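Novice: Submitted below is the structure of interest, expressed as structure tokens.
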Amino acid sequence: MGETGRHRWFPFHHHRSASATSMPQHNPGETPTEFLCPITGFLMSDPVVVASGQTFERISVQVCRNLGFAPKLHDGSQPDLSTVIPNLAMKSTILSWCKRKKVDHPRPPDYAYVEGVVRTRMDKEPGTGNRVARSEILPPVAENSPSDYDSVMGAIRSRSRNSISSSNSLPLHHPRPVSHSAFSMSSEPENPNRIQGSFSTSDYSSYPPMSQEEEEIFNKLRSANTVDHEQGLILLRKTTRTSESSRISLCTDQILSLLRSLIVSRYNIVQTNAAASLVNLSLEKPNKLKIVRSGFVPLLIDVLKSGSAEAQEHVIGALFSLAVEEENKMVIGVLGAVEPLLHALRSSESERARQDAALALYHLSLIPNNRTRLVRAGAVPMMLSMVRSGESASRILLLLCNLAACSEGKGAMLDGNGVAILVGKLREGGADSEAARENCVGALLTLSVGNMRFRGLASEAGAEEILTEIVESESGSERLKEKAGKILQAMRGGEREFGEGAEAREWNRMLEASGLSRSQFQGGQKEGFAYSSQF
């Protein structure tokens, strides 16, 4: 076998057994690599997301867990197989691709074959560095579970209680949420039931030596005394507020391990400072992927649903910061952040929280799967209502631009009277800034691309008159006028120019005007929205 791209990408799939001959084979040059299991190299029939964010075939994860083995991936990283959540979006995408390509739906690979692949890899990676302790393995979540997230968290907490009960190392307490003043007088240990068992913090012997600063913070966070927790988190938050080097040096496995338990603390001040510290740590690009792979996303969503208002504000900021990283977008969406972020965008009393929620959703919507999640969560009518009621922030309109780029989003906007709402906003002068006007026109342009239905709706809404005014106005940017001119061209019968080649050129011109390349729009990040606030 030659050194194909498939074998470079899938380092585990380097031998065949008799049981593999019945497996469905697909040309790696034709099959998108994200549809293939990194362990078997086969088209996935039951894809699942693991805690570190990668997607595997469910049987592949099951075999690795049964053998107590966590293999190294092509990029040198090691997946965290402690939890699995069905990747229903990926499964649906694979099945749609199979139907479109007239390919048989994938079948689950043979267990014995997968076991042979994994055992071969184990033989090539001797030692215990890649072994997974049985206590770190959680049962998989069934697809028909009423709540994937709640099931996973329930299993984590159940195992934590069993572990604590068997060791009798710590007393059980059930403290109530307390105010800042009451907390400062407390010395009661943190409730160990809140510690997430899948991230054990009991053994640090394998970690590298700590600096003096890290050791001081670590010892306070590790303490059983909640006052020490408060002091340690305040020190961590202060240290990482302005110092880039400290944010890098303090984002260690030890510190992150303790933050995981403290960020779900029942003490408001502990939870708030833990969330703010995590925001600061997440500002550095090297930390973003590490934080997500450490299992923070489900915990952040937990706080976003039920934490204190101040902690929720910091958590939204953290999700925004983490969503900027390309490799985090998929896992944040899969793990269920879209709906609580939409709720925060609509209902939060904090202007800052609403802005950060909009930016988090903007970055998540840069990949197609998350656009579909947003549409199915009811984002389009909610955002159109916000625009109609006067909340025409540039970021909401930019989000609508992204959603209009997918067929479901475009359909929802056309069905939801989106064209008339956007045209009415331009006519009323409701788009009260140049950026908002440009994004409003940009959303209309995205709706117009390759859509014959748009012409009738735009004409009915009187779009030609207002767009002509924009084109002929002495004020306004050339970019805004160019977008308005393209919409008029489509309305006046210029759809024939939107053929495959012309449409690609049109998209490139539009995206360039908004500061995005086509690849960035499909799944990258807009650097202009990098998170820059420290707490």
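The values are calculated or read from the model by the stated rules, or taken from the named source; none is laboratory data. Note that the structure is a prediction, hence the values are computed from the model and not measured. With ideal geometry, Cβ positions are generated from the backbone for all residues, glycine too; neighbour counts draw on all protein chains shown. Ligands, DNA and RNA are stripped out before the accessible areas are found, and what is left, the full protein with its side chains, is counted by its heavy atoms. Shrake-Rupley method; radii C 1.70, N 1.55, O 1.52, S 1.80 Å.
Novice: Starting from the range 305-360, pick out the GluC sites (Glu not before Pro) whose DSSP state is loop and whose Cβ has at most 10 other Cβ atoms within 10 Å.
Specialist: E349
Novice: Give me the extension gain from T242 to E434: residue separation times 0.36 nm, minus the current Cα-Cα distance, reported in nm with one decimal.
Specialist: Difference between extended and current length: 65.9 nm.
Novice: Still on this structure: Whenever you get a sec, compute what percent of the accessible area on the range 280-343 sits on carbon and sulfur atoms (1.4 Å probe).
Specialist: Ligands and nucleic acids excluded, carbon and sulfur give 51 percent.
Novice: Ignoring ligands, DNA and RNA, what accessible area per residue does the range 206-268 give at 1.4 Å, in Å²?
Specialist: Heavy-atom accessible area per residue stands at 44 Å².
Novice: Quick one: Karplus J couplings for the range 55-66, per residue in order, coefficients 6.51, -1.76, 1.60, θ = phi - 60°, nearest Hz, x for Gly and Pro?
Specialist: Taking θ as phi minus 60°, the curve returns 10, 10, 5, 4, 5, 4, 5, 4, 4, 4, 5, 5 Hz for the range 55-66.
Novice: By how many nm would the segment from E326 to Q212 lengthen if fully extended, with 0.36 nm per residue of separation less the alpha-carbon distance?
Specialist: Extra length from E326 to Q212 when fully extended: 37.7 nm.
Novice: Taking K and R as +1 and D and E as -1, what net charge do the other residues with C-beta under 10 Å from the C-beta of G333 add up to?
Specialist: +3
Novice: Next question, about the same structure. Over the range 322-372, with the other protein chains present, what is the accessible area per residue in square angstrom, probe 1.4 angstrom?
Specialist: Averaged over the residues of the range 322-372, the accessible area is 31 Å².
Novice: Can you list residues whose amide H is under 5 Å from V84's amide H, if they're 5+ apart or on another chain and H is modeled 1.01 Å from N?
Specialist: Sorted by chain and number, the residues that satisfy this are V141.
Novice: Separate question: Multiply the residue separation of S308 and K102 by 0.36 nm, subtract the distance between their alpha-carbon atoms, and state the gained length in nm to one decimal. Let's see the in-between values first.
Specialist: Values: separation 206, 0.36 × 206 = 74.16 nm, distance 5.08 nm.
Between S308 and K102, full extension yields 69.1 nm more.
Novice: Separate question: Using a Cα-Cα cut-off of under 28 Å, which lysines could be cross-linked to K481, ignoring same-chain neighbours fewer than 8 residues away?
Specialist: Correct list for K481: K410, K425, K526.
Novice: Using Cα pairs under 8 angstrom and six or more residues apart, how large is the relative contact order of the range 356-454, in percent?
Specialist: It rounds to 31 percent for the range 356-454.
Novice: Roughly to the nearest percent, how much of the accessible area of the range 372-479 is carbon and sulfur, given a 1.4 Å probe?
Specialist: 46 percent
Novice: Each residue of the range 260-272 in turn: what ³J(HN,Hα) in whole Hz from Karplus with 6.51, -1.76, 1.60 and θ = phi - 60°, glycine and Pro shown as x?
Specialist: 4, 7, 6, 6, 10, 4, 7, 8, 4, 5, 5, 4, 5
Novice: What is the set of long-range amide H partners of R266 at a cut-off below 5 Å, with H atoms built 1.01 Å from backbone N?
Specialist: Under 5 Å from the amide H of R266 lie the amide H atoms of N191, each far enough along the sequence or on another chain.
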